[in-house]
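**Q** Dropping the structure in here first, questions after.
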Amino acid sequence: MGKSKALLSKYVRELEDELGALLLNRTTRQLSLTEAGHTYFARAVELLRDVEDLAEAVRDSSGDVRGRIKLSAPRTFADAPIGQSLIDFAGAHPDVTLEINLDDRFVDLVEEGFDLAIRITKLADSSLIAKRLAPFRVALCASPDLISLHGEPRSPQDLTHLPASSTQTAVTARTGHSGWMTEPPSMSP
């Protein structure tokens, strides 16, 4: 055990004091278990085996992927290439149930019971763990007819006079802002 006899004897005495029972019969030449000592030892061996069996069961099951994953993602996610990744994942892990909520609002992961969320934004400081999955770029596009009719824009200010369409999201609905910025945001308090 790597412990001195004196130290082990001290530990046994402390245990006996805590239990209020003698576990060992002590003589100058030998030690033997009392009836309480036999009972305690047998049960302790049983508990140690149970703990080892439990550890082994956890090690064996840690490779299995199963259960439910509740995911929140924006509506545009359904058409994005990353959406195919979830389809592939579900096919590879039939014991996993994917519950996907496509909604542009920012859900409260803890309050609403979500396991994870995919967002196309820069997250504010939070206690949540964020990982970048892939780059996301937004392109401003115009038809050739629009360019021939209104001319090619040379600066962001030129966009203010052009017709535009945008998808309303939970953020734009809440703020009333269209999401299109044609001038720097105001810094007034």
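**Q** Quick check on my filter: what residues within segment 8-27 are in a helix (DSSP H, G or I) and surrounded by 10 or more Cβ atoms within 10 Å (Cβ to Cβ)?
**A** The initial filter retains those residues of segment 8-27 that are in a helix (DSSP H, G or I), namely 8-19.
Selection gives Leu8, Ser9, Lys10, Tyr11, Val12, Arg13, Glu14, Leu15, Glu16, Leu19.
**Q** For the structure I just gave you, tell me whether Arg68 is closer than 23 Å to His93 by Cα, not aromatic (Phe, Trp, Tyr) and not in a helix (DSSP H, G or I).
**A** Values: closer than 23 Å to His93 by Cα: yes; not aromatic (Phe, Trp, Tyr): yes; not in a helix (DSSP H, G or I): yes.
So Arg68 fits the description; yes.
**Q** Moving on. What's the number of the only condition in (1) surrounded by 13 or more Cβ atoms within 10 Å (Cβ to Cβ); (2) assigned to a loop (DSSP other than H, G, I, E, B) that Glu112 fails to meet?
**A** Among (1) surrounded by 13 or more Cβ atoms within 10 Å (Cβ to Cβ); (2) assigned to a loop (DSSP other than H, G, I, E, B), the lone unmet condition for Glu112 is (1).
**Q** Could you say which residue among Ala124, Ala130, Ala57 is closer than 30 Å to Ala164 by Cβ and not aromatic (Phe, Trp, Tyr)? Give the derivation first.
**A** Details: Ala130 fails: closer than 30 Å to Ala164 by Cβ; Ala57 fails: closer than 30 Å to Ala164 by Cβ.
On inspection, the qualifying residue turns out to be Ala124.
**Q** Which count do you get for residues in segment 87-105 that are over 16 Å from the mean Cα position of the chain (by Cα) and under 13 Å from Ile118 (Cα atoms)?
**A** Final tally of qualifying residues: 5.
**Q** Would you confirm, using the coordinates I've provided, whether Asp79 is out of contact with any Ser or Thr (no Cβ under 9 Å at 6 or more places or on another chain) and modelled with pLDDT of 90 or more? Break it down stepwise before answering.
**A** Values: out of contact with any Ser or Thr (no Cβ under 9 Å at 6 or more places or on another chain): yes; modelled with pLDDT of 90 or more: no.
Answer is no for this residue.
Okay, residues lined up against (1) outside the structural domain of Pro94 (by TED's automatic domain parsing); (2) in contact with a Leu (Cβ under 6 Å, 6 or more places away or on another chain); (3) farther than 23 Å from Lys5 by Cβ; (4) among the basic types (Lys, Arg):
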position	(1), (2), (3), (4)
Gly20	yes, no, yes, no
Arg26	yes, no, no, yes
Leu33	yes, no, no, no
Thr39	yes, no, yes, no
Ala44	yes, no, no, no
Asp50	yes, no, yes, no
Leu54	yes, no, yes, no
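**Q** Being modelled with pLDDT under 75 and within 30 Å of Val65 (Cβ to Cβ), is that true of even one residue in segment 98-105? Let's see the steps before the verdict.
**A** Pass one, segment 98-105, residues modelled with pLDDT under 75: none.
No, every residue in segment 98-105 fails to be modelled with pLDDT under 75 and within 30 Å of Val65 (Cβ to Cβ).
The values are calculated or read from the model by the stated rules, or taken from the named source; none is laboratory data. Note that the coordinates shown come from a computational prediction; the quantities given were computed from them, not determined experimentally. Quick reminder, even Gly has a Cβ in these numbers, built from the backbone with ideal geometry, and neighbours come from all protein chains shown.
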